[in-house]
Structure formats: structure tokens, C-alpha cells
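To start, the structure itself, in C-alpha cells.
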Amino acid sequence: MSDDQTTTDTGTTVSVHDGADAAAFQAELDKWKALSRKNEDRFKQASTELEGYRQSHMSDTEKAIEAARAEARNAALSEVGTKLISAELRAASSAAGVTLPGAEYLNLDSFLGEDGNPDSVRIEAFVSSLPKPSTTQPYAQDLGLGRQGSPAAGQLTREDLSRMSPREINEARKAGKCEALMRGEI
């Protein structure tokens, strides 16, 4: 990007010839952002007033129906929300490379937001608090485990013995090649 161009927060590039134009542009941008926030606040306030007006003009039955709808919606969202939370926890933990504790040890409702949807901030905070698995072994894993490998390594099988003479069988026994067969390992 050349010296006479500036990139805004929205990613658009605007040509600016000197520092004074850049300052004026930034002031104009800040003014429109402030106006946008002010309009958002007005919209939220008007929506709240409209909902209050609707509530005040409802009959008792309409209020009861509306309360039942809200309760049913929240129940459905909490039921599905725990499944969504479980899926998001698994996805976040696999991305972070950590292992989740068992589901019976987790209170999945604690990750549920006010609106019944999973709270991704809480999920990320929890997953980042889990310990990372260690990749180094503190000691050699194969020490003290006894004989390793196949117990029949270098041992003769019944089929081998059926093809041998009695003299060869006695020699194999003296050499220790029939021990696995005699212990019943083969």
C-alpha cells in the first residue's frame, strides 16, 4: 500500500494525500460510528417500549399463552442446547489438543447462555483451562514388564514335532525349543 492510501476498519482503501486529510477522514469516520451506535441504542429503546405496550394491552389469557410459549421455547432450547454445548466442547477440545473430562463430571447447563444457546466465551475459557497432554515420557515405558514379544519366538509347534524323529525331539528339548509347548502357550 502506498503512502497516500489508508485502510479503514471495514477494509476499504481510501486515498489520502497528506496527514491533514487522514485526520479529517478519521474524524468523519468516528462521527459516523458514534451516530450508528446512537441509532442502535434508540432502536433497542423503541423495541423495549413497543414490547411493553404490547404486554400492557394483552388480556390475561393472551399473557398466559405468551408465557406458555416462552416457557416451551426455553425448555426446547435448553434440551437442544445441552447437545449443542456437548458438540462445541468436543470441537473446541479437539482443536486445542486437550482431553475433556467425562460428561458425568461436567455441568453442561453452566455453559448455556441467557438466550438458551451455548456461550462460546465460557466454553473457550473452560477448554483453555484444561491441562495440555504431556508428550514426553518421564521414564522408559518398557522397563520391568517381563518378557516382550511373542512367547513362541524360536519355539517349536506340535506340527513341527510331528515331522521330527524322536532323537530330534530330544535334542530340541535339551536346546529349550519345546518349553512354550510344554507350558501350554502354543
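Since every read-out is calculated from the coordinates, none of them should be taken as a lab result. Predicted model, so just to flag it, every value in this text is computed and none were measured. Cβ atoms come from the backbone with ideal geometry, glycine included; neighbour counts cover every protein chain shown.
Quick look at the values:
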quantity: For the stretch 95-107, 3J(HN,Hα) per residue [Karplus equation, 6.51 cos²θ - 1.76 cosθ + 1.60, θ = phi - 60°, Hz, x = Gly/Pro]; calculated: 5, 7, x, 10, 9, 7, x, x, 4, 5, 9, 9, 9
quantity: For the stretch 58-66, Karplus couplings with θ = phi - 60° (6.51, -1.76, 1.60), whole Hz, Gly/Pro x; calculated: 7, 7, 5, 5, 5, 5, 5, 5, 5
quantity: Column: log10 I(q)/I(0), Debye, Cα scatterers of the stretch 32-95, q = 0.19, 0.22 Å⁻¹; calculated: -0.83, -0.86
quantity: Rg to Rh, two decimals, where the stretch 66-113 supplies the alpha carbon set and Rh follows Kirkwood; calculated: 1.12
quantity: Peptide ranges 173-179, 98-104 listed from the most packed, as the mean C-beta count within 10 angstrom indicates; calculated: 173-179, 98-104
quantity: Those aspartates and glutamates that a straight Cα-Cα span of less than 16 Å connects to Lys31, excepting residues fewer than 8 apart in one chain; calculated: Asp9, Asp21, Glu40, Asp41
